[in-house]
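Down below is the structure, laid out as structure tokens.
Just so it is clear, none of the values below were taken in a lab; they were calculated from the coordinates. Here the structure is a predicted model, which is why all the values come from computation and not from measurement. Cβ: placed from backbone, ideal geometry, glycine included. Neighbour counts: every protein chain shown.
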Amino acid sequence: MALAIQCEHLIRDGVIKNQSEHAHYAQVTTARMTHIMWLTNLAPEIQDAILFLPRVESEPDTVKGIDVRRIARVINCGVQRGRWEQIAGRASLQQGRGNRCENTFVFCCQ
């Protein structure tokens, strides 16, 4: 999420020309950069929630990047919020069983 916001600002400010150029500098494919940039289509409160997910070093992720990208493809923010609540609810249930959420949205490392 942070990378998507940073890239959006760099393009807006004219530091880089486009997503393709940023993909080159980030050493990811253009397709991966597109996935990252889809995150900027999320409702602002979902973006905030993603940015402030707690980090863990081990244990499985309870919020998956693929699920978030699916939400980002939806244009309607109300629908996005409903789908996010389902994912966040599932994550909080798993946290209650001893798992913790991990921020997994640094795609360039995958």
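Are any of the residues in the range 13-27 in contact (Cβ under 8 Å) with a residue 60 or more places away in the chain and out of contact with any strand residue (DSSP E or B) (no Cβ under 9 Å at 6 or more places or on another chain)? For the range 13-27, residues in contact (Cβ under 8 Å) with a residue 60 or more places away in the chain and out of contact with any strand residue (DSSP E or B) (no Cβ under 9 Å at 6 or more places or on another chain): present.
Residues of the range 53-87 that are surrounded by 14 or more Cβ atoms within 10 Å (Cβ to Cβ), free of Cβ contacts under 8 Å to residues at least 40 places away in the same chain and of a type in the set (Val, Ile, Thr): 68, 71, 74, 87.
Only residues that are surrounded by 13 or more Cβ atoms within 10 Å (Cβ to Cβ) and in a loop (DSSP other than H, G, I, E, B): list them for the range 30-52, please. 42, 43 - these are the residues of the range 30-52 that are surrounded by 13 or more Cβ atoms within 10 Å (Cβ to Cβ) and in a loop (DSSP other than H, G, I, E, B).
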